[in-house]
Amino acid sequence: MPPSRSKELNTIYELAYSFLQRGELAHAETLFTKMNTLLQDTKQYSPLTLLQNRLQVASARLHLGKYKDGKKDIEEIQQGIQDFTPTEEDDEDLKPELDFNCRRWLAIYMLHTGQWENAAGGFEELLDRKWATQNARSSFKITRDLALAYAYRGEYEKARIHIKKARDLFNSQEKIASSSKYQNALFVKESGLEVVEATIDLLSGNHQRALKTTSKSLVTLENTLGPRHFKTLALANLKVWCLVTQGQYSRGEPRTDHMFPEEIESLIDIESLCQSTFDKLVPSLGRRHRLTLESMECLVRIFILQGRFAEAIDTGESLYSNVAAELGKLRPQTISCKYQQAAAHFAAGNYRTSELLYRKVVEEATRVLGPNHPKTVKYNYELARACLYHGEVEEALAIAIKAAAQQVNFQKGNPPTSSTPTKVHSLLEELSGCVMNEPESRLHPDLIYSFQLLAEIEVKKHRTYGLGGDLGTAEHILQFLVARQSSLGDSTSLLRTSLDYDLAIVLRERHLTGSNPSHDFIGILDGVVQNRKKLFGEDHPDTLRASRELLRSKFMRDIAEVSGGQEEKKEEWQMFLSTWEAIWASLEARYGPQFPQTLYSRLWYLIASTALGRSTGGEFEEETRKISEILSNSRLLSERLIETFLMNYTLVELSIKLRIPSLARELLSLYEDNIKKAKGEETNESLRKALTQFEADVEKLKASCAEIENDSNEDIAQRHVPANG
């Protein structure tokens, strides 16, 4: 029999274990390390006892985020176990237990560092071991952690099966084994189980249930472990993600329907909840711990969704450098942080930078997670969106169709496939059939967003790029998605307002082509504006954008229906212009003159005021030159080449329609120079093709300009012809 621990060693062990349980990990590591030294110095204890204590040091280091040190410790412990030849009965019993626990902590290391496939393999192997089958508590922990590994791998059905097994094990073993004396420990274990259940729900798209579970569990952990315990703070991070995915990040009036009372207070300012979690994590775990970095990533996402793009970009860059330095570049959390960087740049209108970042994200995710992982598929459709806005329409469509096809396979529960996807309408038919077979099934938000993007591509092909987009297919997609109420939440949810907005724009475009005689899009847009004011606040760019499009829709309706500018409309039209100008001014004050929605609002204000005769002559020329100067900015031309040239085209065309050839020539000269310069520098084949089309458009505009110049010369000549001539 090995000697029992001395009184001093027992005191150190109990204190160290107490620190570990209370979440004071640095103190626990220090004391376990001290105990390890004392055990070695006494030379009375078996090697396995020393290794067992060293495993406590390793586990504390893994919790602290010292992954390299923790992993090295575990590998050395495993080597020590292999080299050990048992001589005493107790050591023989201890060896399989220690080996089992070493392998479990190695799998946990892999889980925390994003090596999910290896983690799942490790947990699966442990479940087959004799030690797990004979030890219900170990089996519970392994099954629970395996469910989490499956969820991270995107295998949600396997995750659900194993978390149910873990729940059954907990109910049959843990509750029986735990007396009232250990109620707090029981609450903590159940909360750990609920964390995994909520994570599975969040990743698989059931955001409302995930939020409900995290809110309940967070209260439990705050009461049992305290608000600063690392397990409590990890759960606080998860709750923030749940809130953000549902659009609960506004500084304005929060929605409190269907929520627990304890949730409501945190909704007043979700940023404060996130910042508070971050501030508690830093002193206990440091700035580079994965939980601290995860909290920082939450903050970046909140900044993006709140429209605070400069802060999102700056914080995102700092975040990425920290995560890459701590975990390495090819880790899922690092890739996710680069994704947030790309999203921040896209939201700010930096489409080229965003596209380049998304391409790296997709490349790295494909390498690390695989081409058919749900995250990789999501990153692909975000890349498609960036390509679309950067002007690479055909590539955007190809990527988006493939991503949507993969999402349909996920929905149907089919195994991943890399087969060539079908056309958009065929995909929608396939999804419709899937829904008819399972009418109660929920659509994953990522599936909805991928099909929403397909509709957006068709609209942009039609309205922005003049490539003959199919508005009928776009409407069919959006009507189908909107009809799936159970998957969208209430009418003020982030996803629902986004779909309603896109549907209204499609209906308006179809109205303008004569295929939709009603003005139902105006009522939909009005609802979107009201809901976005509640969701985002009045000065959020998405609210202002919807308000602008509502004004445009009413303006288009009135211009079409009222001939000659009747007196009764003058006051209403003046109100339109005043509101429009306020929208433009608000966007410019907050985001600057180069922000996409600022420029669109300013350009459409110019068009509307000109159409109503409010901006003519010198006033029109002055404002047009100001917009043209902004559009000639080198950074803007680099980031939003196609969008910038399309706006330039509109200015020239408007000058020609107003019969101001001198201004049109001036704009054309600058426009043509910028096209030539861009064509000399651009290497992207799709964009070079678009630039060639712009060159052809310039020639047509020159011809139109020459026509109005000739007409003007003829008018002058007529006025100077003698009466008898």
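The values are calculated or read from the model by the stated rules, or taken from the named source; none is laboratory data. These numbers were taken from a predicted model, which means no experiment stands behind them. Neighbour counts are summed over all protein chains in view; Cβ atoms, including those assigned to glycine, are modelled from backbone coordinates with ideal geometry. The protein model used for the area step is the full one, side chains on, heavy atoms only, and it has no ligands, DNA or RNA in it. Shrake-Rupley method; radii C 1.70, N 1.55, O 1.52, S 1.80 Å.
Things to note:
- With a threshold of 32 Å on the Cα-Cα distance, the over-threshold entries among Lys72/Lys164; Lys7/Lys72; Lys141/Lys329 are Lys72/Lys164.
- Helix 332-347 and the longest principal axis of the Cα set of the chain meet at an angle near 20°.
- For the chain, the residue among Pro541, Leu670, Thr220 whose Cα projects farthest onto the positive side of the dipole built from Cβ charges is Thr220.
- Tensor-based shape of region 585-716 (alpha-carbon gyration tensor, a/c under 1.5 rounded, otherwise prolate or oblate): oblate
- A crude spin-label estimate for the pair Arg484 and Lys689, with each label 7 Å from Cα along the Cβ direction, gives 3.1 nm.
- Calculated FRET efficiency for the pair Ile559/Arg625, C-beta based, R₀ 22 Å, to 0.05: 0.25
- When each of Lys216/Lys375; Lys402/Lys626; Lys212/Lys402; Lys165/Lys231; Lys216/Lys280 is checked by Cα-Cα distance, pairs over 32 Å: Lys402/Lys626; Lys212/Lys402
- Computed magnitude of the charge dipole of the chain (debye, nearest 20; Cβ of K, R +1, Cβ of D, E -1): 1440
- Seen against the Cα atoms of the chain and their longest principal axis, helix 541-561 is set at about 30 degrees.
- Paramagnetic label zone (point 7 Å from Cα along Cα-to-C-beta, Ser578; backbone N under 15 Å) in region 600-644: none
- When His476, His444 are compared by accessible area of protein heavy atoms, the largest-first order is His476, His444, using a 1.4 Å probe.
- On full extension, the segment bounded by Ser321 and Glu394 gains 22.9 nm, given 0.36 nm per residue less the C-alpha separation.
- Heavy atoms of the protein chains alone define the surface here; on that basis region 524-645 has 42 Å² accessible area per residue at 1.4 Å probe size.
- Protein heavy-atom accessible surface, 1.4 Å probe, per residue over region 300-459: 36 Å².
- The Arg287 and Gln21 beta-carbon pair, evaluated with R₀ = 25 Å, returns a calculated FRET efficiency of approximately 0.50.
- Charged side chains reduced to their Cβ positions (Lys and Arg at +1, Asp and Glu at -1) give region 101-162 a dipole of some 300 debye around its Cα centre.
- Between helix 685-720 and the chain there is an angle of about 20 degrees, using the helix long axis and the longest principal axis of the Cα atoms.
- For q = 0.06, 0.10 Å⁻¹, Debye-computed log10 I/I(0) when each Cα of the chain counts as one equal scatterer: -0.45, -1.03
- Descending Cα extents along the principal axes, region 519-678, whole Å: 44, 38, 25
- Global form of region 298-359, assessed from the alpha-carbon gyration tensor, a/c cut-off 1.5: oblate
- Nearest-0.05 FRET efficiency for Asp539 and Arg137, computed from C-beta distance (R0 60 Å): 0.65
- Selected from Ala696, Ile559, Asn684, residue furthest toward positive end of dipole (the chain; charges at beta carbon): Asn684
- Carbon and sulfur %, accessible surface of the chain computed with the full protein complex present, 1.4 Å: 50
- Extending 7 Å from the Cα toward the beta-carbon at both Arg228 and Lys569 defines two label points whose distance is 6.7 nm.
- For the listed residue pairs Lys360/Lys679; Lys130/Lys189; Lys460/Lys533; Lys189/Lys239, the alpha carbons are over 20 angstrom apart in Lys360/Lys679; Lys130/Lys189; Lys460/Lys533.
- Share of Cα-Cα pairs in region 496-544 lying beyond 11 Å, as whole percent: 64
- Mean separation of Cα contacts under 8 Å (6+ apart) over length of the chain, as relative contact order %: 7
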